[in-house]
1. Averaging sequence separations of C-alpha pairs under 8 Å and six or more residues apart, then dividing by the length of region 166-380, give the relative contact order as a whole percent.
2. Between Arg229 and Glu39, what's the calculated FRET efficiency when r is the beta-carbon distance and R0 is 35 Å? Round to 0.05.
3. Once you have the Cα-Cα distance between Arg204 and Asp257, take 0.36 nm times their residue separation minus that, and quote the gain in nm to one decimal.
4. Using a 1.4 angstrom probe, figure out how much accessible area region 481-572 has per residue, in square angstrom, rounded to the nearest whole.
5. Looking at region 332-387, which GluC sites (Glu not before Pro) are in a loop (DSSP not H, G, I, E or B) and have at most 14 other Cβ atoms within 10 Å?
6. Can you compute the charge dipole magnitude of region 446-524 about its Cα centre, using +1 on each Lys and Arg Cβ and -1 on each Asp and Glu Cβ, nothing else charged? Give it in debye, rounded to the nearest 20.
7. For region 424-477, rounded, prolate or oblate, judged on the Cα gyration tensor with a ≥ b ≥ c (square roots of eigenvalues), a/c < 1.5 rounded, else prolate if a/b > b/c?
8. Give the accessible surface of region 285-357 per residue, rounded to a whole number of Å², with probe radius 1.4 Å and ligands, DNA and RNA excluded.
Amino acid sequence: MSRHQAVRNLDYEDVLDEYDANDADIDDEGDQLTAEDREALSKGTTDVQDALGEDARKVSTEQIEEALWHYYYDVDKTVGYLRKTIIAPPPKTELKKPKETSNRFDAAAAKSAAIAKMSTKTSPKQRPNGTAPAEKINALSLDEPPPAKSKKIDVIHEFTKGQNKRSASFVVVGHVDAGKSTLMGRLLLELKFVEQHLVDRYQRQADKIGKGSFALAWVMDQRDEERERGVTIDIATNQFETDKTRFTILDAPGHRDFVPNMIAGASQADFAVLVIDANTGAFEKGLKGQTREHALLLRSLGVQRVIVAVNKLDMVGWSQDRFNEISEQVTGFMKGNGFQLKNVTFIPISGLSGENLVRKPENPALSWYTGTTLLQALEESEPLTRALQRPFRMSISEIFRSQHSQMTVSGRIESGTVQTGETLVVQPSGESAHVRCIEVDADLQDWAVAGQNVSIGLYGIDPIHIRVGDIISSKTEPIHTNDELVMKVFAFDHLMPMPVDVHRGRLHAAGRIQEIRAVLNKTTGAVEKKKPRLVQPGKVARVVVKLESKVPLEAGQRVVLRMGGETIAAGLI
């Protein structure tokens with residue numbers, strides 16, 4: 001696991017146990033860089049200067065090193081930060097500093113400022129467990145002075161009257177090695193959201209470890225383990241925009257061991273790109289593996305629009321017969337799984353060369369195809385209807401420290417609205433937190449709405465009470481927790497009273513099918529058989545699942561049931 005990833009998946013209880021306020025008095029000996037840090041800073045500085053090109057002259061080596069340390073040697077984030085704040089800083093925001101007053105918050109403010117200064121300006125200090133102080137100081141002081149109170153904005157009114165680009169998220173799924181990450185890397189390169197010299201640098205690095213064909217995939221796969229193994233492990237995200245839409249890419253892992261992460265990505269998506277390897281034998285293998293399972297999960301999680309990208313068709317000479325063969329077989333099982341064929345589009349592409357991604361193909365071998373490019377198909381896909389009028393709900397996908405807040409959570413807003421200064425409730429802990437700031441598509445805003453991918457800076461909550469997979473909701477209409485769920489599920493395998501894991505987004509909860517109340521008619525929902533001992537695959541049933549602990553789930557939400565690494569059922573609470 002990379003150093004940066006380790007920080008983003010902090011065990012905050014350990015942080016609080018090990019952090020001591022006396023650490024503010026860092027001694028001279030502890031300020032010395034380790035050999036590993038010196039090497040990482042030196043290499044990172046060179047990589048950042050290469051990535052910045054001519055703009056490297058506008059920043060000092062010290063500024064580069066400080067940014068690298070802040071972002072834990074993540075070159076791409078360092079480059080983005082330097083471009084945005086030093087090379088081409090944005091106009092100052094309207095946020096004003098609070099007036100200096102003599103009140104009970106002064107001492108706490110001074111203490112917080114001292115800790116923040118220490119975490120960003122000091123050099124790494126080796127601890128017994130090898131963790132640097134910047135990783136230890138993520139614990140948010142509960143005595144921080146609050147920012148300005150909520151402006152009581154009518155968010156729905158502001159959203160509807162504004163000339164906002166629509167936001168859409170799509171998940172990229174398919175069997176392992178179908179070329180998903182490479183495809184997304186090429187798409188970003190073609191749209192110039194990734195620069196060629198960055199891909200060239202990845203190419204040189206990939207060649208050194210014998211994985212030269214993975215250079216484009218590294219645009220999405222940022223973790224050291226992913227690059228070494230050559231497979232996506234967790235959801236990788238990136239953004240790009242066109243004239244009318246801001247897109248968020250959710251690149252899901254294809255390996256069967258990481259299906260729970262694929263579920264987390266699909267739970268945040270408006271629609272999907274199902275990538276299929278057209279090579280002889282590869283498509284057939286995927287159809288028996290994750291191609292089929294991912295399609296089942298998409299339908300179970302409410303994703304109805306699917307773009308089927310028939311990738312690597314150039315490897316079989318852009319064969320129209322092969323394209324038609326794949327289209328016919330995929331159409332059959334998509335229809336059998338409940339997809340409406342008008343919402344399924346097939347597109348021949350080459351993710352490696354970029355053929356038919358952004359521009360119409362010029363290759364004579366592809367003259368038989370007269371349909372849309374991948375980008376056109378994305379533009380024509382409508383995002384799901386925004387549940388603006390419902391209470392605020394957001395599942396936490398990541399927890400990290402940002403420039404704007406010591407405690408930042410990110411995810412996709414499922415319903416409702418949120419604004420700065422608002423009080424939220426984190427479940428299942430039941431603890432309250434206040435919104436310090438909201439970041440939408442890397443821009444600070446006063447509010448956000450359902451359907452947007454956001455980062456929310458929080459304060460006033462102990463870090464031990466917040467975890468990935470938790471749900472944050474409005475305090476006036478909070479989500480409640482339950483340890484017994486009644487579900488209407490579609491069975492993919494035999495169901496009986498047995499242990500199961502319940503999955504929704506990043507939330508995983510262990511439990512047991514306690515009771516099977518009835519088998520239902522697929523069409524009418526009428527009861528066909530009461531209290532059966534067993535549910536056959538392909539049947540719909542009403543079951544009761546007893547969980548080991550209370551979780552924040554409510555009626556109408558879609559969940560997946562898994563057991564032993566296999567998806568056995570999915571449906572509605």
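1. It comes to 23 percent, rounded to a whole number.
2. Numbers: r = 23 Å, r/R0 = 0.66.
With a Förster radius of 35 Å, E is 0.90.
3. 16.1 nm
4. For region 481-572, the per-residue accessible area is 50 Å².
5. The qualifying sites are Glu362.
6. Working: 8 positive and 9 negative charges, 55 e Å.
In total the dipole reaches around 260 debye.
7. Because a/c hits 1.5 or more and a/b exceeds b/c, region 424-477 counts as prolate.
8. Values: 2910 Å² over 73 residues.
Normalised by residue count, the accessible surface of region 285-357 is 40 Å².
The values are calculated or read from the model by the stated rules, or taken from the named source; none is laboratory data. Remember, it's a predicted structure, so these values are computed and weren't measured experimentally. Cβ sites come from the backbone with ideal geometry, for glycine too, and all protein chains shown count toward neighbours. The accessibility values were calculated without ligands, DNA or RNA, using every heavy atom of the protein model including side chains. Shrake-Rupley method; radii C 1.70, N 1.55, O 1.52, S 1.80 Å.
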